[in-house]
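Participant: Sharing a structure, written as structure tokens. Questions coming.
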Amino acid sequence: MSADESRPYLSLVLACYNEQETLLQSFATIRRVLEALHQPYELIFVDDCSRDGTRGLLAKIQAAHQDVPIQVLLHEKNQGRGATVSEGFRLARGEYTGYLDVDLEVHPRYIPSLLEALEDGADVATLRRVYIVEWRSLDRFILSRGYSWLVRRVLGTRVLDTETGFKFFRREKLLQLLPQIQDRHWFWDTELMVLAERQGLRMAEIPGAFVRRRDKTSTLHPLRESLRYFRHLLRFRRRLRSPA
């Protein structure tokens with residue numbers, strides 16, 4: 001691994017929305033993984049107008065870890081997951097740029113594997129979630145697998161997990177994609193991956209365990225989100241089929 005001295009090797013974007021239950025623990029875990037890379041990195045926190053104590057914790061993290069390059073951006077109005085991650089990406093300076101869900105239902109231990117895939121020639125490296133099936137998380141498993149099947153069926157993609165919250169990129173390739181994405185919320189991930197595939201970017205999916213957390217409050221509304229995603233899928237398919 002090598003890095004240009006004028007910029008970090010890695011920029012990691014962490015989008016936050018009401019993360020006070022897990023934020024401090026997640027930050028400590030992420031930092032241990034990044035320090036083990038022995039490469040310069042930066043962390044970019046983007047808070048999407050949290051209503052809990054997230055902002056206070058971000059200030060605490062930044063003040064207590066002044067040896068770590070940390071940027072904190074605070075939204076004064078909720079803008080959506082896609083818009084939040086995209087804004088962090090635009091601030092990033094790293095040779096490689098990525099994001100992961102800050103609740104760490106997928107452990108950051110997989111970061112080195114994704115970076116290795118990028119160094120080996122991939123333009124996009126993502127974590128394909130492998131679910132540990134439990135009765136209590138059966139709903140999430142069924143929704144995820146059903147959505148993945150539907151995306152492949154409706155959009156004709158070969159990507160197995162478009163929605164994973166664990167994606168890394170060659171920065172220059174990522175910046176070419178961002179202006180093309182229209183959705184600002186959760187469908188942003190699907191648009192990003194399908195457009196990357198259609199434009200011939202080299203893609204790698206690395207399997208990794210998804211472990212649902214029980215110590216955080218879920219904001220998922222399964223039926224409502226499923227219907228919304230289906231409408232977005234049909235709309236996006238029409239867009240892809242329309243003449244340029």
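Nothing in this text is a laboratory measurement; each read-out follows from the coordinates by a stated rule. From a predicted model like this one, the values you see are computed outputs, not experimental measurements. For neighbour counting, all protein chains shown are included, and Cβ atoms are generated from backbone atoms with ideal geometry for every residue, glycine included.
Participant: Short version: ³J(HN,Hα) in whole Hz for each residue of the range 197-209, in order, from phi by Karplus 6.51 cos²θ - 1.76 cosθ + 1.60 (θ = phi - 60°), x for Gly and Pro, what are they?
Facilitator: 5, 5, 8, x, 5, 6, 10, 10, 10, 9, x, x, 6
Participant: Would you grab the residues whose amide H sits under 5 Å from the one on residue 130? Only those 5+ places off in sequence or on another chain, please, with H modelled 1.01 Å from N.
Facilitator: Those qualifying (amide H under 5 Å, at least 5 residues apart or on another chain) are 208, 209, 210.
Participant: Same structure, new question: With a 10 Å Cβ neighbour count serving as the proxy for reagent exposure, in which order, fewest first, do 126, 84 appear? Walk me through the numbers before you get to the answer.
Facilitator: Details: 126 30, 84 26.
Listed from fewest to most nearby Cβ atoms, that is 84, 126.
Participant: Next question. Of the candidates 34, 114, 201, which one comes out as most mobile in a Gaussian network treatment of the chain with C-alpha springs shorter than 10 Å?
Facilitator: Of the options given, 201 has the highest mean-square fluctuation.
Participant: Quick query: amide H of residue 100 versus all other amide H atoms, modeled in the peptide plane; which residues come in under 5 Å with a sequence gap of 5 or more or a different chain?
Facilitator: Sorted by chain and number, the residues that satisfy this are 13, 15.
Participant: Further question: What net charge is computed for the residues neighbouring residue 16, neighbours being all others with C-beta under 9 Å from the C-beta of residue 16, Lys and Arg scored +1, Asp and Glu -1? Each step should come with its number before you reach the end.
Facilitator: Details: positive: 55; negative: 19, 47, 48.
Spelling it out: positives minus negatives among the neighbours equals -2.
Participant: Work out from phi, with θ = phi - 60° and the Karplus expression 6.51 cos²θ - 1.76 cosθ + 1.60, the ³J(HN,Hα) of each residue of the range 109-120, listed in order in whole Hz, and give x for Gly and Pro.
Facilitator: Using θ = phi - 60°, the values come out as 4, 7, 3, x, 5, 5, 5, 5, 4, 5, 5, 7 Hz.
Participant: Over the Cα atoms of the range 83-196, what radius of gyration and what Dmax do you get, in Å?
Facilitator: Rg then Dmax for the range 83-196, in Å: 14.3, 42.
Participant: Which of 154, 46, 106 ends up with the largest GNM mean-square fluctuation for the chain, with Cα atoms connected below 10 Å?
Facilitator: Most flexible of the set in this elastic network: 154.
Participant: Cut-off is 10 Å between beta-carbons; in what order do 9, 96 appear when sorted fewest neighbours first? List each step's numbers first, then the result.
Facilitator: Numbers: 9 19, 96 25.
In increasing order of surrounding Cβ atoms, one gets 9, 96.
Participant: Could you quote the convex hull projected area for the chain, Cα atoms only and averaged over all directions, in nm²? It would help to have the intermediate numbers written out before the result.
Facilitator: Values: hull surface 52.3 nm².
Approximately 13.1 nm², given one-decimal rounding.
Participant: Please sort by residue number the trypsin sites (Lys or Arg not before Pro) in the range 51-117 whose DSSP state is loop and whose Cβ has at most 14 other Cβ atoms within 10 Å. Spell out each step's value before the answer.
Facilitator: Working: sites: 51, 55, 60, 77, 81, 90, 93, 109; in loops: 51, 77, 93.
Here the sparse-neighbourhood loop sites are 51, 77.
Participant: While we're here: Give me 27, 230 sorted ascending by neighbouring Cβ count inside 10 Å, so fewest comes first. Walk me through the intermediate numbers first.
Facilitator: Working: 27 24, 230 13.
Least crowded to most crowded, the residues run 230, 27.
Participant: How large is ³J(HN,Hα), in whole Hz, for each residue of the range 181-186 in order, when computed from phi with the Karplus curve 6.51 cos²θ - 1.76 cosθ + 1.60 and θ = phi - 60°, using x for Gly and Pro?
Facilitator: Here the 3J(HN,Hα) series is 8, 9, 6, 10, 10, 6 Hz.
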